[in-house]
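First up is the structure itself, then whatever we jot down about it.
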Amino acid sequence: MLDWLRRSLWTVVPRDQRDTTEALRRRQVVTVVVVLVGAAVLGWSLRIEPGSDLFYAGTALLALVWAIGAVLSGRLHLGRIPRDATHARPVVAPVLLGLLLAAVFVVGGLVVREIEWLDRQVRSVLDFADQGSLPLLLVITVVNGVAEELFFRGAAYAAIPRHPVVWTTVAYFVATLATGNIMLAFAAVLLGAVCGLQRRASGGVLAPILTHVTWSVAMLFALPAIFG
């Protein structure tokens, strides 16, 4: 298991993805603007009344912001991880890592529900799942997970020359903090760090996308069972 985690999170696959100075500056400008716009849209969408159709429009708009930012920033890469004597697209390992991360959060949820003010923080988010359409919420969860990783571990990561894992995690935390929900922000730190390490190791966005989506879908079904 340690070898699997090392290949997924730490062993860097050699690649040459350097941008020209002009391309790097474009990425940096796009990243700053999109983080600010995305944070504003995220904060607004989670302040909409649970059950309102406007919530779906808000989350769709947020995914569009992240996706457009990723596309405008420049070229993105899928990435590869070591497999035997060669390299392959990361598929199974990121899904397993997403499930492992979800299991950690489930255990944490059992503790959090015993702390009143943290319990309220989680339940305020779960109100949207309780009063919304589950199929639509599932689609939104998947689409937003993909869009967030395209931007944060794609565009933003490539825009930061030094310590991109740290800074993209900070950016993801700040954007999520706009919701005013401390539990979502805490989750953003852990998820952002794991996905950032995957981006560093693989050189692309495929592994972070699969881990993020797997974790998000697992949480969509697990948290209501814990806090219901």
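Conditions (1) more than 23 Å from Val107 (Cα to Cα); (2) modelled with pLDDT of 90 or more; (3) in contact with a Cys (Cβ under 9 Å, 6 or more places away or on another chain), marked per residue:
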| position | (1), (2), (3) |
| --- | --- |
| Ser124 | no, no, no |
| Phe128 | no, no, no |
| Pro135 | yes, no, no |
| Thr141 | no, yes, no |
| Ala147 | yes, yes, no |
| Ile160 | yes, yes, no |
| Thr168 | yes, yes, yes |
| Ala188 | no, yes, no |
| Ala193 | no, yes, no |
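When the residues of segment 9-42 are filtered to those that are part of a loop (DSSP other than H, G, I, E, B) and closer than 22 Å to Ala193 by Cα, the one that is most open to solvent (accessible area, probe 1.4 Å) is Trp10.
For (1) closer than 20 Å to Arg199 by Cα; (2) open to solvent by less than 40 Å² (accessible area, probe 1.4 Å); (3) modelled with pLDDT under 90; (4) touching a Pro at 6+ places or on another chain (Cβ under 8 Å), each residue gets a yes or a no:
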| site | (1), (2), (3), (4) |
| --- | --- |
| Arg7 | yes, no, yes, yes |
| Trp44 | no, no, yes, no |
| Ala57 | no, no, yes, no |
| Leu61 | no, no, no, no |
| Leu64 | no, no, no, no |
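The rows are residues; the columns are (1) charged (D, E, K, R); (2) in contact with a Leu (Cβ under 8 Å, 6 or more places away or on another chain).
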position	(1), (2)
Val12	no, no
Arg18	yes, no
Thr21	no, no
Arg25	yes, no
Ser45	no, yes
Ile48	no, yes
Tyr56	no, yes
Ala70	no, yes
Arg75	yes, no
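Residues in segment 175-185 that are surrounded by fewer than 23 Cβ atoms within 10 Å (Cβ to Cβ) and under 12 Å from the mean Cα position of the chain (by Cα): Leu184, Ala185.
The values are calculated or read from the model by the stated rules, or taken from the named source; none is laboratory data. Just so we're clear, the structure is a prediction, and the values are computed from it rather than from any experiment. Quick reminder, even Gly has a Cβ in these numbers, built from the backbone with ideal geometry, and neighbours come from all protein chains shown. Surface accessibility is based on the protein's heavy atoms, side chains included, excluding ligands, DNA and RNA. Shrake-Rupley method; radii C 1.70, N 1.55, O 1.52, S 1.80 Å.
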